[in-house]
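The values are calculated or read from the model by the stated rules, or taken from the named source; none is laboratory data. Fair warning: this is a prediction, and the values are worked out from it, not measured in the lab. Don't worry about glycine lacking a Cβ; one is built from the backbone with ideal geometry, like all the others, and counts go over all protein chains shown. Accessible surface areas use protein heavy atoms only, side chains included; no ligands, DNA or RNA. Shrake-Rupley method; radii C 1.70, N 1.55, O 1.52, S 1.80 Å.
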Amino acid sequence: MPTNRKSYDYSELVDSFGPEKIEARYIALYDYLEAFIKRSKYEDKVSIANSVLNQTVVDYFTDIYRLKEFHKIDHINYIKIHAYTAYWLLRRKPLQIIKDDEEDIELAFVNERFVASYLLQFLRGKHEKVIILENDRQDYIEFVKNVEYFLRYRTITPQMIETMLESYMAGMAFCRAIDSI
């Protein structure tokens, strides 16, 4: 992969992943972002910056390309996929405020809130419709708050997000092991 950005035309990414896969990633992220805007009732306050989302997708695939080349692997695991996607969404911030609202202090962190939602949706996976038990609700709320705080105020790397996701998965495995006793 060329190191001089000026001469790099991304053809290696297209050759490596195929235009369909790159476009599918863009569309999927766009749909997630759009659903988040609607869920948050931000239709008149926030828009998706297409050029920023496009750069997010390019940066994601560039990192994945480099990982695969460095480790000499054909595929990466789903945790890395979500960690690197989340990282570049945080870094590029494709959600742009188009109408400020001084009453809504969360608006300033719209991208971080989106990424938290994206990661939590991934973590819940096929269990997204499961309702957290009342006894566990406060623990889950604190976890969500901690994820949002982490994304807002900490220095983030894809590896840190990956570790967070793996820790959650390990905790789930531990809970299943306890439940089977």
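General observations
- Of the candidates Tyr60, Tyr84, the single residue that is among the aromatic types (Phe, Trp, Tyr) and over 20 Å from Tyr153 (Cα atoms) is Tyr60.
- Any hit, the stretch 121-132, residues being modelled with pLDDT under 90, not in a helix (DSSP H, G or I) and not hydrophobic (A, V, I, L, M, F, W, C): yes
- Residues of the stretch 82-114 that are among the aliphatic types (A, V, I, L, M) and either under 22 Å from Lys45 (Cβ atoms) or at pLDDT below 95 (or both): Leu89, Leu90, Leu95, Ile97, Ile98, Ile105, Leu107, Ala108, Val110.
- The condition (being closer than 18 Å to Val14 by Cα and in contact with a Ser or Thr (Cβ under 9 Å, 6 or more places away or on another chain)) is satisfied by just one residue among Tyr65, Tyr87: Tyr65.
- Any hit, the stretch 153-164, residues being touching an Asp or Glu at 6+ places or on another chain (Cβ under 8 Å) and in contact (Cβ under 8 Å) with a residue 12 or more places away in the chain: yes
- Matching residues, the stretch 70-95, being open to solvent by less than 60 Å² (accessible area, probe 1.4 Å) and assigned to a helix (DSSP H, G or I): Ile79, Lys80, Ile81, His82, Ala83, Tyr84, Thr85, Ala86, Tyr87, Trp88, Leu89, Leu90
- Evaluation of Glu148 against the conditions (1) open to solvent by 80 Å² or more (accessible area, probe 1.4 Å); (2) within 30 Å of Asp44 (Cβ to Cβ); (3) part of a helix (DSSP H, G or I) shows that the sole unmet condition is (1).
- Single residue of the stretch 96-113 satisfying the filter (assigned to a helix (DSSP H, G or I) and in contact with an Asp or Glu (Cβ under 7 Å, 6 or more places away or on another chain)) that is most open to solvent (accessible area, probe 1.4 Å): Arg113
- Matching entry among Ile37, Ile22 (being assigned to a helix (DSSP H, G or I) and touching a strand residue (DSSP E or B) at 6+ places or on another chain (Cβ under 7 Å)): Ile37
- Members of the stretch 41-69 found to be over 17 Å from the mean Cα position of the chain (by Cα) and either open to solvent by less than 30 Å² (accessible area, probe 1.4 Å) or within 17 Å of Trp88 (Cα to Cα) (or both), listed by number: Tyr42, Val46, Ser51, Tyr65, Arg66, Leu67
- Neighbours by Cβ (under 8 Å, 6+ apart or cross-chain): first from the stretch 82-93, at positive phi; second open to solvent by 30 Å² or more (accessible area, probe 1.4 Å) and part of a helix (DSSP H, G or I): Lys93/Val52
- Look at (1) surrounded by 11 or more Cβ atoms within 10 Å (Cβ to Cβ); (2) under 19 Å from the mean Cα position of the chain (by Cα) and you find that Glu128 fails only one, number (1).
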